[in-house]
Amino acid sequence: MPTDFEILVIGAGQAGLSAGYHLRRLGLVPERDFLIVDHADGPGGAWQYRWPSLTLTTVNRVHDLPGMEFAEVLPAGSESAPAATAVPRYYELYEKRFDLRVRRPVSVTVVCDRGDEHTATTDAAAHTEMLSAETDADGPLRVRGLINATGTWERPFIPHYRGAATFTGRQLHTRDYRTADEFAGAHVVVVGGGISAVQLLDEISLVASTTWVTRTPPLFRDTPFAPEDGRAAVARVEDRVRRGLPPGSVVSVTGLPFDDRLRAAQRRGVLHRLPMFDHIEPDGVRWADGSFQPADAIVWATGFRSSLDHLAPLGLRGPGGGITMTGRLATQVQRDPRVHLIGYGPSASTIGANRAGRAAAAELTKYLGLQPH
């Protein structure tokens with residue numbers, strides 16, 4: 001039987017939209033040759049869920065999508081606009097300009113290998129509308145190739161510590177954070193050594209007392225982030241995924257930018273870092289040496305894991321849990337060259353996602369032998 005689409009793109013964040021743009025540039029037609037689906041109700045990728053105080057001036061970097069600069073839709077002087085509204089607006093206009101026809105809300109629950117094709121099962125409510133009258137609207141989507149761009153936002157990572165279930169205060173992950181005012185007058189333990197951790201630590205410390213703990217000592221940088229720093233970080237992660245290892249932390253290579261806000265936090269004594277506690281008790285955290293810190297809340301700024309559970313039946317992971325990647329920018333899965341992962345490993349940044357989207361589109365169309373119309 002014929003496939004429904006040649007290529008399915010799962011996810012419409014920076015990586016998925018970049019892939020869609022380059023598929024169009026290669027002559028493929030949306031909703032005929034390829035289909036982009038996204039689980040969210042509207043455009044914006046993970047940006048639409050970020051906390052309100054995260055503005056365009058405080059994010060690490062929002063890189064332009066290919067073919068359309070962010071400045072085209074950003075009014076002058078609006079750098080203080082919340083990223084959760086500005087970036088989705090940009091993505092919305094981008095989808096319209098390039099007629100990418102993203103189908104949403106559509107969740108892909110499982111992808112299976114059926115020999116010459118992959119089948120992708122989606123939520124039933126949206127399925128019929130995606131397919132033409134000639135296809136089997138009750139069955140899964142049949143595609144020849146897959147570009148997965150699901151990112152990490154759906155899989156927040158919270159490490160296991162003894163006694164966590166007994167804690168009587170509040171525990172939340174970065175993903176669930178909204179505003180520091182919720183913690184006014186409390187004592188908050190912030191866990192994590194990344195950029196999000198120090199941003200939240202800074203905000204919360206203005207209205208509450210805080211304790212900062214990290215697994216390893218944080219590395220701050222006073223010098224600007226240069227292009228060679230970015231290349232070094234990407235090269236490190238790319239080397240890991242090409243060897244089949246799980247992607248590592250980019251911050252360990254780039255360091256934390258020590259800006260004016262963090263200097264002010266340091267003067268307030270906020271950046272006094274402690275090693276990880278040993279276990280959690282009902283009213284606080286305790287270290288192995290017996291020292292104890294009472295706490296009303298624990299904020300886990302401990303990152304995310306790639307959202308790839310729907311690809312489990314494809315058996316892409318190796319014994320150590322990593323996926324061996326190949327291709328020019330390490331987007332192609334070695335075990336199944338018809339599958340490309342973007343926004344994963346070395347492409348897990350806005351600028352990296354752009355380059356990966358282009359590489360994945362070019363390599364997959366070539367591998368499948370697709371010709372422009």
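The values are calculated or read from the model by the stated rules, or taken from the named source; none is laboratory data. In this text, all values refer to a predicted model and were calculated from it rather than measured experimentally. All Cβ positions, even for glycine, are placed from backbone atoms using ideal geometry, and neighbour counts span all protein chains on display.
Given the conditions (1) of a type in the set (Gly, Ala, Ser); (2) touching a residue at least 60 places away in the same chain (Cβ under 8 Å); (3) on the phi > 0 side of the Ramachandran plot, report the number of the one that Ser347 does not fulfil.
Of (1) of a type in the set (Gly, Ala, Ser); (2) touching a residue at least 60 places away in the same chain (Cβ under 8 Å); (3) on the phi > 0 side of the Ramachandran plot, only one is false for Ser347: (3).
Would you point out the residue of the stretch 70-105, among those that are among the β-branched types (Val, Ile, Thr) and more than 18 Å from the chain's Cα centre (by Cα), that is farthest from Arg338 (Cα to Cα)?
If we take residues in the stretch 70-105 being among the β-branched types (Val, Ile, Thr) and more than 18 Å from the chain's Cα centre (by Cα), then Val73 is farthest from Arg338 (Cα to Cα).
Looking at the structure I just gave you, is Leu341 in contact (Cβ under 8 Å) with a residue 12 or more places away in the chain, within 30 Å of Arg170 (Cα to Cα) and assigned by TED's automatic domain parsing to the domain that holds Val9?
Against the criterion (in contact (Cβ under 8 Å) with a residue 12 or more places away in the chain, within 30 Å of Arg170 (Cα to Cα) and assigned by TED's automatic domain parsing to the domain that holds Val9), Leu341 does not qualify.
Assess whether Gly315 counts as being of a type outside the set (S, T, N, Q), loosely packed, with under 15 Cβ neighbours inside 10 Å and within 29 Å of Val110 (Cβ to Cβ).
yes
Run Asn148 past the list (1) at pLDDT below 95; (2) of a type outside the set (A, V, I, L, M); (3) in the same structural domain as Thr119 (by TED's automatic domain parsing) and report the number of the one that doesn't hold.
(1)
Somewhere in the stretch 18-37, is a residue in contact with a strand residue (DSSP E or B) (Cβ under 6 Å, 6 or more places away or on another chain), part of a loop (DSSP other than H, G, I, E, B), assigned by TED's automatic domain parsing to the domain that holds Arg142 and among the charged types (D, E, K, R)?
Looking for residues that are in contact with a strand residue (DSSP E or B) (Cβ under 6 Å, 6 or more places away or on another chain), part of a loop (DSSP other than H, G, I, E, B), assigned by TED's automatic domain parsing to the domain that holds Arg142 and among the charged types (D, E, K, R), one finds at least one in the stretch 18-37, hence yes.
Go through the stretch 1-55 and report how many residues are among the charged types (D, E, K, R) and in contact with a Lys or Arg (Cβ under 6 Å, 6 or more places away or on another chain).
Qualifying residue count, the stretch 1-55: 4.
State all residues of the stretch 147-170 that are closer than 30 Å to Thr331 by Cβ and in a loop (DSSP other than H, G, I, E, B); if no residue qualifies, say none. Quick ask: steps written out before the conclusion?
So the first thing to find is which residues in the stretch 147-170 are closer than 30 Å to Thr331 by Cβ, and the list is 147-159.
Passing the criteria: Ala149, Thr150, Gly151, Thr152, Trp153, Glu154, Arg155, Phe157, Ile158, Pro159.
Restricting to the stretch 328-358, name every residue that is farther than 16 Å from Gly11 by Cα and not in a helix (DSSP H, G or I).
Hits for the stretch 328-358 are Arg328, Leu329, Ala330, Gln332, Val333, Gln334, Arg335, Asp336, Pro337, Arg338.
Can you tell me how many residues in the stretch 69-99 are loosely packed, with under 12 Cβ neighbours inside 10 Å and among the aliphatic types (A, V, I, L, M)?
So the answer is 2.
Check the stretch 207-221 and report whether any residue there is among the charged types (D, E, K, R) and within 20 Å of Arg50 (Cβ to Cβ).
Taking the stretch 207-221 and keeping what is among the charged types (D, E, K, R), we get 215, 221.
Now narrow it down to the ones that are within 20 Å of Arg50 (Cβ to Cβ): none.
No - not one qualifying residue is present in the stretch 207-221.
Just need a number here: residues in the stretch 276-293 that are over 14 Å from Tyr161 (Cβ atoms) and β-branched (Val, Ile, Thr).
0
Could you tell me whether the stretch 36-47 includes any residue that is modelled with pLDDT of 95 or more, surrounded by fewer than 23 Cβ atoms within 10 Å (Cβ to Cβ) and of a type in the set (D, E, K, R)?
no
Hey, can you tell me all the residues within the stretch 66-121 that are of a type in the set (S, T, N, Q) and in a loop (DSSP other than H, G, I, E, B)?
Ser78, Ser80, Ser107
Taking the stretch 282-296 as the search range and keeping residues that are in a strand (DSSP E or B) and not hydrophobic (A, V, I, L, M, F, W, C), which one is surrounded by the fewest Cβ atoms within 10 Å (Cβ to Cβ)?
Filtering first and then ranking leaves Pro294.
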